[in-house]
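Data block below; observations after.
We did not get these values from a lab; they are worked out from the coordinates using the rules stated. Keep in mind it's a predicted model, so treat the numbers as computed, not measured. Backbone-built Cβ (ideal geometry, glycine too); neighbour counts: all protein chains shown.
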Amino acid sequence: MIVVRMVFQAQFGKAHEVVDRMKQEQKRFREIVGDVAHVRILTDLSGPFDTVVQEIQVESLAEWERVRTKMFSDPRFQEMQASMPAVYVGGRAEFYTVEMEI
């Protein structure tokens, strides 16, 4: 099992806009990729202000590549991404192997 953490740094005071947009787009995300991934949206309680993390849990890196390719080739996803850059300061992707769940 792999957890992909997409970490977004929003402009000061704009994290709620990123979260609201992600919530609105979850239906579209599911239409594009199906039910293959477990998704969570997190916001900071400590560390850099206005950090939003989208966690996507998939079976493998191969599955992530399939999901990613499907997302980025879909015009609806491209439209969604094009409308968001005004609130972003930066971001990164992190990949983790799930070793154990309790």
How would you rank 89-100, 72-83, highest first, on the average number of other Cβ atoms within 10 Å across their residues? 72-83, 89-100
Suppose R0 equals 22 Å; then what is the FRET efficiency for Val89 and Lys23 from their Cβ-Cβ distance, rounded to the nearest 0.05? 0.60
Rounded to the nearest 0.05, what FRET efficiency do Ile102 and Ala82 have when you use their Cβ-Cβ distance and R0 = 41 Å? 0.55
Counting only C-alpha contacts under 8 Å and six or more residues apart, can you give the relative contact order of the chain as a whole percent? 49 percent
Over the C-alpha atoms of the range 30-102, what are the Rg and the largest Cα-to-Cα span, Dmax, in Å? 14.0, 39
Quick one: what are the phi-derived ³J(HN,Hα) couplings along the range 18-24, Karplus 6.51/-1.76/1.60 with θ = phi - 60°, whole Hz, x for glycine and proline? 5, 4, 4, 5, 4, 4, 4
Packing-ranked peptide list from 51-62, 30-41, highest mean Cβ count within 10 angstrom first, is 51-62, 30-41
Name the long-range amide H neighbours of Gln11: under 5 Å, sequence gap of 5 or more, or other chain; modelled H, no Pro or chain starts. Tyr88, Val89
A chain fully extended from Thr69 to Leu45 at 0.36 nm per residue, minus the present Cα-Cα distance, gains in nm 5.5 nm
